[in-house]
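See below for the structure under consideration.
The values are calculated or read from the model by the stated rules, or taken from the named source; none is laboratory data. Small disclaimer: the values here were computed from a predicted structure and weren't measured. Quick reminder, even Gly has a Cβ in these numbers, built from the backbone with ideal geometry, and neighbours come from all protein chains shown.
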Amino acid sequence: MVWRDARRRFYWSVRAKVAWSAAMAELAEASPESTEEYRSTLLMRLRSLEDFSDRRVMSKALEALDLTATLAQLKADHLMRRMLALAHEDRKTSIDGLVRLVDSLADDEKATLITALQNAGRSPGPPSYSNISASS
């Protein structure tokens, strides 16, 4: 490393580290039960970060990364796991809580929930596979 480039390299290294830490903190908040290794792998895959040697490229890539959809999915998965765990602990209380939750929903949200519940027993496959009769 050339001495005159030291300050620039240090700047980009710090900036990349701050961007990495901020992204990791967001992922940890959305999915507190996930391991640091999982979050690190997820972050590298989201941005396809193979070149760790160029801190400027890494910094700019991390700063430009939009984690909104990933964070929403991680939060939904975390919430689902917590709800399932609570349902296994105390089914009656869980059902009572769900009933109160449904009562607080808007009419369009209730309609969406009803549709999802009515379609819950169907196969996620193509329509030709979802209603195969037992006699076939």
In the stretch 98-124, what count of residues is obtained for those that are in a loop (DSSP other than H, G, I, E, B), among the hydroxyl-bearing types (Ser, Thr, Tyr) and out of contact with any helix residue (DSSP H, G or I) (no Cβ under 7 Å at 6 or more places or on another chain)?
-> 1
Matching entry among Asp66, Asp54 (being at pLDDT 90 or above and outside the structural domain of Leu98 (by TED's automatic domain parsing)) | Asp66
Return only the number of the condition from (1) within 30 Å of Val18 (Cβ to Cβ); (2) surrounded by fewer than 10 Cβ atoms within 10 Å (Cβ to Cβ); (3) charged (D, E, K, R) that Asp103 does not satisfy.
-> (1)
Can you name every residue in the stretch 55-71 that is of a type in the set (Gly, Ala, Ser) and over 13 Å from Leu27 (Cα atoms)?
-> Ser59, Ala61, Ala64
Filter result for Leu46 (among the hydrophobic types (A, V, I, L, M, F, W, C) and surrounded by 13 or more Cβ atoms within 10 Å (Cβ to Cβ)) = yes
Can you give me the ranges of the helices (runs of 4 or more DSSP H) entirely in the stretch 21-97 with at least 2 residues that are touching a Lys or Arg at 6+ places or on another chain (Cβ under 8 Å) and of a type outside the set (A, V, I, L, M)?
-> 55-64
Residue that is farthest from Met80 (Cα to Cα) [pool: residues in the stretch 1-60 that are free of Cβ contacts under 8 Å to residues at least 40 places away in the same chain and polar (S, T, N, Q)] | Ser53
